[in-house]
Amino acid sequence: MSSANIAKGSRHLRIGLWYATLFVLGSLAVVTLTYLLTASSLEQRDQQIIQSKVGEYAVVYERGGIEALEDTVRAEQQTAPERLFVRVVDRGTETIVLSRPRGWDPERLELASLRLSDGTLVQVGKSTESRDDLLARFRAVLGIVTLSIVLVALGGGLLVTRSATAPIRALSDAVKRIIQTGRTDARVPQTASRDALDELTGLFNSMLDKIEGLVTGMRGALDNVSHDLRTPLTHLRGAAETALAAGPDLDRYREALADCVEEADRVLVMLNTLMDISEAESGAMQLQREAVKLSDVVSRASDLYRDVADLKNIVVHVDAPDDVVVLADRTRLEQVAANLIDNAIKYTPSGGRVDVDVRRDGGRAWLRVRDTGVGIPADERPRIWDRLFRGDVSRTERGLGLGLSLVKAVVEAHGGSVQVKSEPGKGSMFVVSLPLE
Ligand code: ADP
């Protein structure tokens, strides 16, 4: 057994002992109280018996003298189940003992005395022997009961703590398995009890689901990054190698170096964008927040793509009132608008139309980019926000597959959200919602 298991075992034992001690103390209090109540009620009953007897005998003595009392005592004591001690002390001088059962210990007598008007003292005593015997038997029984209680409490306490801590142990075993194997697919089995521990187990499993999702996502992203880096780096190396192999030719070298710079830029843009996305997602992105009119943002962004749109014969229509103001990082928002407008133009065939509009509604600012382009197939729609994901239609277009990931990360870093609606063959609509200033 490992030291951790020993510690765990001793903790169970300790909790079990605590339960048992409390249970035993409570039971002991009940047992002691029962015993004291029984003893005192037995004593009370004896007292009542001898008190009533001493009164009875005093009356007989006063009426018929010592002879009458003697007759009564004799007659009564013959049939009585327990003989009493009876004596009369005549004015403090002569003592007449009327009944003294043999073998009685005068020390263990419960006594009741009554002094008559002429000074005579009538005394009745009852032995406490049978009472003591009864109490001794009672004590023995209580001792056995207490011992059974201790054993039951100890066993029960251990059982209760073991079963109560079972889910915790299952939880820590699962954690240990995950730490040892590094596999996040282990789950803690849940019970149907719906108690706090079960809830914790559920939360723990959901946390593992989330971690597993993140790890899988990160692995996928890393695979994609490695894959996507390979192409520009291979081009870069190819350009340099070909130039070197061709021998000294200044023009060729220039051309090769220009190719290298272009490919290196591509890699740099990709890495910078990936870092921006990570920063925005983790909350580490420095946002220079200021009051920004969304109309300014969309007009600057659409101006950037005016020429490209003209070349493709696409109409870009902007409808943005001046009163929609958000507290945001202007440059980052322009990046968001630019990426959405760029995509809309990129994935719309010539002769199409792109509508950019801004409005305020329900306490939020809305930025909508609609196009009459190729649309996004339903199976691709959930993945367009993933890093480096590029749809089938994008094969012939320039791009890194990072635009929408950045849009989503930046919008969410501003406390907003972005959604897409699309119908393949008809067009797409991206809607960004941001809190108003
Ligand atoms: P890319 O660099 O490929 O444009 P994005 O992250 O901007 O990367 O977009 C991811 C994918 O989403 C694109 O490859 C494309 O398949 C799809 N997509 C984005 N915007 C549109 C749009 N307006 N119309 C159709 N498809 C789009």
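The values are calculated or read from the model by the stated rules, or taken from the named source; none is laboratory data. Computed from a predicted structure; not experimentally measured. With ideal geometry, Cβ positions are generated from the backbone for all residues, glycine too; neighbour counts draw on all protein chains shown. Remember, those area values only see protein heavy atoms, side chains included, never the ligands or the DNA or RNA. Shrake-Rupley method; radii C 1.70, N 1.55, O 1.52, S 1.80 Å.
What the Cβ-Cβ distance of L214 and L244 gives, at R0 = 41 Å and to the nearest 0.05, is a FRET efficiency of 0.40.
The loop-placed GluC sites (Glu not before Pro) in the range 358-430, going by DSSP, that have at most 15 neighbouring Cβ atoms within 10 Å of their Cβ come out as E397. For the range 295-336, carbon and sulfur atoms together expose 50% of the accessible surface, with a 1.4 angstrom probe and every protein chain in place.
Between I168 and R102, the contour length at 0.36 nm per residue exceeds the Cα-Cα span by 16.7 nm.
Contact order, relative form, for the range 100-163: 22 percent (alpha carbon pairs under 8 Å, 6 or more residues apart, mean separation divided by residue count). Annotation note: trypsin sites (Lys or Arg not before Pro) in the range 368-437 located in DSSP loop regions with a Cβ neighbour count of at most 14 within 10 Å are R398, K426. Rounded to the nearest 500, the helix-only mean residue ellipticity at 222 nm of the chain stands at -21500 deg cm²/dmol, with each DSSP H run of n ≥ 4 adding -39,500 (n - 2.57). The label-point distance for Q180 and D133, in a model that sets each label 7 Å from Cα toward Cβ, rounds to 6.7 nm. Compared with the dominant principal axis of the Cα atoms in the chain, helix 196-245 is inclined by about 20°. Which of the aspartates and glutamates could a cross-linker span from K126 if the Cα-Cα distance has to be under 16 Å and same-chain partners fewer than 8 positions apart are dropped? Within the straight-line limit of under 16 Å, K126 reaches these aspartates and glutamates: E43, D46, E56, E76, E82, D105, E107, E110. Take the Cβ-Cβ distance between T396 and L159 as r, set R0 to 56 Å, and report the resulting FRET efficiency rounded to the nearest 0.05. Working from the Cβ atoms, E equals 0.20. Between helix 403-413 and the chain there is an angle of about 40 degrees, using the helix long axis and the longest principal axis of the Cα atoms.
Computed 3J(HN,Hα) for the range 426-437, one whole-Hz value per residue from the Karplus formula 6.51 cos²θ - 1.76 cosθ + 1.60 where θ = phi - 60°, is 10, x, 10, 9, 9, 10, 9, 10, 10, x, 5, 4, glycine and proline marked x. Counted over the chain, the DSSP beta bridges are approximately 90% antiparallel. Contact order, relative form, for the chain: 10 percent (alpha carbon pairs under 8 Å, 6 or more residues apart, mean separation divided by residue count). In plain terms, the chain from T231 to V145 could stretch by 22.5 nm, reckoned as 0.36 nm per residue minus the Cα-Cα distance.
Once all protein chains are placed together, S428 keeps about 10 Å² accessible to a 1.4 angstrom probe.
The distance from the alpha carbon centre of the range 413-437 to that of the range 128-203 is 55 Å, rounded to a whole number. By the rule of a C-alpha distance below 17 Å, with chain neighbours fewer than 8 residues away ignored, the aspartates and glutamates paired with K293 are D303, D319, D322, D323, D329, E334, D357, D361, E437.
Partners of K426 within straight-line reach, counting aspartates and glutamates whose Cα lies under 18 Å from its Cα and excluding those fewer than 8 residues away in the same chain: D342, D355, D371, D379, E380, D392.
Computed from the C-beta positions of L111 and R63 and an R0 of 35 Å, the FRET efficiency is 0.90 to the nearest 0.05.
Placing a pseudo-label 7 Å from each Cα along the Cα-to-Cβ vector at S299 and N272 gives an inter-label distance of 2.7 nm. Plainly put, the chain has a radius of gyration that is 1.54 times its Kirkwood radius, both from alpha-carbon atoms, as the Rg/Rh ratio.
Per residue, the average separation of C-alpha pairs within less than 8 Å and at least 6 apart gives the range 108-248 a relative contact order of 11 percent.
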